[in-house]
Amino acid sequence: MRVLVVTAVAAEADAVSGGLGIGAGRAHPSVDVLAAGVGPAAAASGTARALALASAASAPYDLVVSAGIGGGFQPLAPVGSLVVADAIVAADLGAETPEGFVPVDELGFGRTVHLPPAEPAARIAGLLGAALGPVLTVSTVTGSASRTAELTARHPRAAAEAMEGFGVAEAAAACSVPVLEIRAVSNAVGPRDRSAWRIGPALDALRYGFQQLSPVFEESPWQTP
(Lines give C-alpha, C1' and ligand atoms only; values in the text may rest on other atoms or scores of the structure.)
Protein backbone atom coordinates (compact mmCIF):
# COMPACT_ATOMS: atom_id res chain seq x y z
CA MET A 1 0.00 0.00 0.00
CA ARG A 2 1.29 3.46 -0.93
CA VAL A 3 0.40 6.08 1.66
CA LEU A 4 0.66 9.87 1.63
CA VAL A 5 0.68 11.51 5.08
CA VAL A 6 -0.11 15.22 4.99
CA THR A 7 0.70 17.55 7.89
CA ALA A 8 0.50 21.31 8.22
CA VAL A 9 4.00 22.19 9.45
CA ALA A 10 7.49 20.73 9.50
CA ALA A 11 7.44 19.86 13.22
CA GLU A 12 4.44 17.57 12.64
CA ALA A 13 6.05 16.04 9.55
CA ASP A 14 9.22 15.41 11.55
CA ALA A 15 7.25 13.65 14.29
CA VAL A 16 5.46 11.45 11.76
CA SER A 17 8.72 10.71 9.93
CA GLY A 18 10.45 9.89 13.21
CA GLY A 19 7.76 7.39 14.09
CA LEU A 20 8.04 5.78 10.67
CA GLY A 21 11.83 5.63 10.84
CA ILE A 22 12.29 8.11 7.99
CA GLY A 23 15.34 10.37 8.03
CA ALA A 24 19.12 10.43 7.75
CA GLY A 25 18.98 8.68 4.41
CA ARG A 26 16.28 6.22 5.47
CA ALA A 27 12.96 5.98 3.65
CA HIS A 28 9.80 4.10 4.46
CA PRO A 29 8.92 1.41 1.91
CA SER A 30 5.36 2.63 1.45
CA VAL A 31 4.87 6.07 3.04
CA ASP A 32 5.68 9.62 1.95
CA VAL A 33 5.26 12.58 4.31
CA LEU A 34 4.33 16.08 3.15
CA ALA A 35 4.09 19.35 5.12
CA ALA A 36 1.53 21.18 2.96
CA GLY A 37 0.88 24.31 5.02
CA VAL A 38 -1.67 25.59 7.52
CA GLY A 39 -5.39 25.67 6.80
CA PRO A 40 -7.76 23.79 4.50
CA ALA A 41 -6.79 25.64 1.30
CA ALA A 42 -3.07 24.93 1.66
CA ALA A 43 -3.81 21.34 2.69
CA ALA A 44 -6.07 20.77 -0.32
CA SER A 45 -3.70 22.27 -2.87
CA GLY A 46 -0.64 20.49 -1.50
CA THR A 47 -2.43 17.15 -1.34
CA ALA A 48 -3.87 17.52 -4.83
CA ARG A 49 -0.45 18.31 -6.29
CA ALA A 50 1.16 15.32 -4.57
CA LEU A 51 -1.59 12.98 -5.77
CA ALA A 52 -1.34 14.29 -9.32
CA LEU A 53 2.45 13.90 -9.43
CA ALA A 54 2.21 10.34 -8.08
CA SER A 55 -0.43 9.43 -10.64
CA ALA A 56 1.62 10.93 -13.46
CA ALA A 57 4.58 8.82 -12.34
CA SER A 58 2.38 5.68 -12.42
CA ALA A 59 2.81 5.29 -8.68
CA PRO A 60 -0.58 6.38 -7.29
CA TYR A 61 -1.32 6.47 -3.59
CA ASP A 62 -3.78 4.01 -2.04
CA LEU A 63 -4.44 6.06 1.09
CA VAL A 64 -4.09 9.66 2.27
CA VAL A 65 -3.75 10.48 5.97
CA SER A 66 -4.22 13.96 7.41
CA ALA A 67 -2.11 14.08 10.56
CA GLY A 68 -0.86 16.53 13.15
CA ILE A 69 -1.70 18.08 16.48
CA GLY A 70 -5.01 19.69 17.38
CA GLY A 71 -7.42 20.64 20.10
CA GLY A 72 -9.35 17.97 21.98
CA PHE A 73 -12.94 18.18 23.15
CA GLN A 74 -13.11 17.35 26.82
CA PRO A 75 -13.40 14.86 28.43
CA LEU A 76 -13.30 12.57 25.38
CA ALA A 77 -9.84 13.57 24.15
CA PRO A 78 -7.49 14.74 26.93
CA VAL A 79 -4.21 16.49 26.26
CA GLY A 80 -1.57 14.03 25.09
CA SER A 81 -4.07 11.53 23.70
CA LEU A 82 -4.70 10.49 20.10
CA VAL A 83 -7.87 10.84 18.05
CA VAL A 84 -8.85 8.98 14.87
CA ALA A 85 -11.64 10.52 12.82
CA ASP A 86 -14.76 8.58 11.93
CA ALA A 87 -15.96 11.74 10.16
CA ILE A 88 -14.01 14.71 8.81
CA VAL A 89 -16.25 17.75 9.12
CA ALA A 90 -15.99 21.29 7.70
CA ALA A 91 -17.42 22.88 10.84
CA ASP A 92 -17.47 26.52 9.74
CA LEU A 93 -18.25 26.21 6.02
CA GLY A 94 -21.71 27.67 5.59
CA ALA A 95 -23.76 30.74 6.49
CA GLU A 96 -24.77 32.60 9.63
CA THR A 97 -28.52 33.19 9.82
CA PRO A 98 -30.84 34.71 12.45
CA GLU A 99 -31.71 31.11 13.38
CA GLY A 100 -28.07 30.07 13.68
CA PHE A 101 -25.39 28.47 11.54
CA VAL A 102 -26.42 26.61 8.37
CA PRO A 103 -23.81 24.26 6.83
CA VAL A 104 -23.09 24.62 3.16
CA ASP A 105 -24.66 21.29 2.20
CA GLU A 106 -27.97 22.37 3.74
CA LEU A 107 -27.72 25.50 1.59
CA GLY A 108 -27.57 23.24 -1.46
CA PHE A 109 -23.88 23.66 -2.26
CA GLY A 110 -21.21 20.99 -1.95
CA ARG A 111 -20.64 18.91 1.17
CA THR A 112 -19.34 19.32 4.68
CA VAL A 113 -18.52 15.73 5.72
CA HIS A 114 -16.13 13.06 4.47
CA LEU A 115 -16.33 9.58 5.99
CA PRO A 116 -13.10 7.61 6.34
CA PRO A 117 -13.35 3.85 5.73
CA ALA A 118 -15.09 2.66 8.88
CA GLU A 119 -13.35 -0.65 9.60
CA PRO A 120 -9.76 0.61 9.14
CA ALA A 121 -10.49 3.75 11.16
CA ALA A 122 -11.92 1.70 14.04
CA ARG A 123 -9.07 -0.78 13.84
CA ILE A 124 -6.43 1.94 13.95
CA ALA A 125 -8.16 3.68 16.85
CA GLY A 126 -8.12 0.40 18.75
CA LEU A 127 -4.46 -0.21 17.95
CA LEU A 128 -3.49 3.26 19.16
CA GLY A 129 -5.83 3.39 22.15
CA ALA A 130 -7.28 6.50 20.51
CA ALA A 131 -10.68 8.13 20.72
CA LEU A 132 -12.79 7.52 17.60
CA GLY A 133 -15.06 10.40 16.65
CA PRO A 134 -15.58 13.34 14.32
CA VAL A 135 -12.67 15.70 13.81
CA LEU A 136 -13.79 19.22 12.97
CA THR A 137 -11.92 21.33 10.43
CA VAL A 138 -12.03 25.02 11.33
CA SER A 139 -10.43 28.05 9.71
CA THR A 140 -10.25 29.84 13.07
CA VAL A 141 -9.11 27.90 16.13
CA THR A 142 -11.65 27.93 18.95
CA GLY A 143 -10.67 30.28 21.77
CA SER A 144 -13.80 30.93 23.83
CA ALA A 145 -16.33 29.07 25.90
CA SER A 146 -19.20 30.34 23.75
CA ARG A 147 -17.63 29.04 20.55
CA THR A 148 -16.91 25.69 22.22
CA ALA A 149 -20.55 25.44 23.31
CA GLU A 150 -21.74 26.27 19.80
CA LEU A 151 -19.55 23.60 18.21
CA THR A 152 -20.46 20.91 20.71
CA ALA A 153 -24.16 21.71 20.31
CA ARG A 154 -23.88 21.18 16.54
CA HIS A 155 -21.42 18.28 16.79
CA PRO A 156 -22.05 16.49 20.11
CA ARG A 157 -19.73 13.58 19.25
CA ALA A 158 -16.81 15.78 18.18
CA ALA A 159 -13.47 14.53 19.50
CA ALA A 160 -11.02 17.09 18.12
CA GLU A 161 -10.60 20.16 15.97
CA ALA A 162 -7.81 21.09 13.57
CA MET A 163 -7.39 23.18 10.43
CA GLU A 164 -6.50 20.85 7.56
CA GLY A 165 -8.44 17.58 7.52
CA PHE A 166 -11.33 18.63 5.30
CA GLY A 167 -8.97 20.15 2.72
CA VAL A 168 -6.96 16.93 2.58
CA ALA A 169 -10.17 14.92 2.32
CA GLU A 170 -11.51 17.05 -0.54
CA ALA A 171 -8.36 16.46 -2.58
CA ALA A 172 -8.35 12.74 -1.80
CA ALA A 173 -12.01 12.40 -2.76
CA ALA A 174 -11.40 14.15 -6.08
CA CYS A 175 -8.88 11.42 -6.86
CA SER A 176 -11.04 8.59 -5.40
CA VAL A 177 -8.45 7.82 -2.71
CA PRO A 178 -9.56 6.83 0.84
CA VAL A 179 -8.65 9.27 3.61
CA LEU A 180 -8.02 9.05 7.35
CA GLU A 181 -7.34 11.75 9.92
CA ILE A 182 -5.21 11.24 13.03
CA ARG A 183 -4.69 13.97 15.62
CA ALA A 184 -2.57 14.21 18.75
CA VAL A 185 -4.16 16.53 21.31
CA SER A 186 -2.02 19.49 22.34
CA ASN A 187 -4.71 21.52 24.12
CA ALA A 188 -8.30 21.45 25.26
CA VAL A 189 -10.84 23.10 22.98
CA GLY A 190 -12.08 26.13 24.92
CA PRO A 191 -10.91 29.52 26.16
CA ARG A 192 -7.49 30.26 24.69
CA ASP A 193 -4.69 29.60 27.19
CA ARG A 194 -1.27 29.20 25.62
CA SER A 195 0.27 28.32 28.98
CA ALA A 196 -1.82 25.14 29.02
CA TRP A 197 -0.76 23.94 25.57
CA ARG A 198 1.46 20.86 25.51
CA ILE A 199 2.85 20.84 21.99
CA GLY A 200 5.94 18.76 22.83
CA PRO A 201 3.99 15.88 24.41
CA ALA A 202 1.48 16.00 21.56
CA LEU A 203 4.26 15.66 19.00
CA ASP A 204 5.65 12.76 21.04
CA ALA A 205 2.22 11.11 20.94
CA LEU A 206 2.06 11.65 17.18
CA ARG A 207 5.48 10.05 16.78
CA TYR A 208 4.42 7.09 18.92
CA GLY A 209 1.21 6.66 16.93
CA PHE A 210 2.99 6.44 13.60
CA GLN A 211 5.58 4.09 15.05
CA GLN A 212 2.71 1.71 15.81
CA LEU A 213 1.18 2.24 12.37
CA SER A 214 4.32 1.65 10.33
CA PRO A 215 3.63 -2.09 9.75
CA VAL A 216 -0.05 -1.38 9.04
CA PHE A 217 0.93 0.84 6.14
CA GLU A 218 2.92 -1.99 4.59
CA GLU A 219 -0.20 -4.13 4.16
CA SER A 220 -2.04 -4.61 0.88
CA PRO A 221 -4.40 -1.75 -0.06
CA TRP A 222 -7.65 -1.81 1.86
CA GLN A 223 -10.79 -2.73 0.01
CA THR A 224 -13.24 0.15 0.42
CA PRO A 225 -16.72 0.65 -1.01
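The values are calculated or read from the model by the stated rules, or taken from the named source; none is laboratory data. Because the structure is predicted, anything quoted here is derived from the model rather than measured. Glycine also receives a Cβ, built like all others from the backbone with ideal geometry; neighbour counts cover every protein chain displayed.
What to note about this one:
- Residues being loosely packed, with under 15 Cβ neighbours inside 10 Å and in contact (Cβ under 8 Å) with a residue 60 or more places away in the chain - total across segment 140-151: 1
- Taking each residue of segment 77-97 that is modelled with pLDDT under 90 and looking for partners that are polar (S, T, N, Q) with beta-carbon atoms closer than 6 Å, six or more apart or interchain, yields Leu93/Thr112.
- Hey, Gly108 surrounded by fewer than 17 Cβ atoms within 10 Å (Cβ to Cβ) and either more than 19 Å from Ile199 (Cα to Cα) or among the basic types (Lys, Arg) (or both) or not: yes
- Any hit, segment 120-136, residues being of a type in the set (A, V, I, L, M), farther than 21 Å from Gln211 by Cβ and without any contact (Cβ under 8 Å) to a residue 60 or more places away in the chain: yes
- Among (1) part of a strand (DSSP E or B); (2) free of Cβ contacts under 8 Å to residues at least 40 places away in the same chain - the single one Ser195 does not satisfy: (1)
- Flag for Ala67 being assigned to a helix (DSSP H, G or I) and surrounded by 15 or more Cβ atoms within 10 Å (Cβ to Cβ): no
- Condition met for Val185 (surrounded by 24 or more Cβ atoms within 10 Å (Cβ to Cβ), over 27 Å from Leu53 (Cβ atoms) and at pLDDT 95 or above): yes
- Evaluating Cys175 against the criteria (1) under 22 Å from His28 (Cβ atoms); (2) modelled with pLDDT under 95; (3) of a type outside the set (Asp, Glu) leaves one unmet condition, (2).
- Within segment 99-149, tally of residues that are among the β-branched types (Val, Ile, Thr) and within 16 Å of Gly70 (Cβ to Cβ): 7
- Scan of segment 11-59 for residues that are in contact with a Lys or Arg (Cβ under 7 Å, 6 or more places away or on another chain) and either part of a strand (DSSP E or B) or surrounded by fewer than 16 Cβ atoms within 10 Å (Cβ to Cβ) (or both), ordered by number: Ala59
- Within segment 57-75, considering residues that are modelled with pLDDT of 95 or more and aliphatic (A, V, I, L, M), the one nearest to Ala35 (Cα to Cα): Ala67
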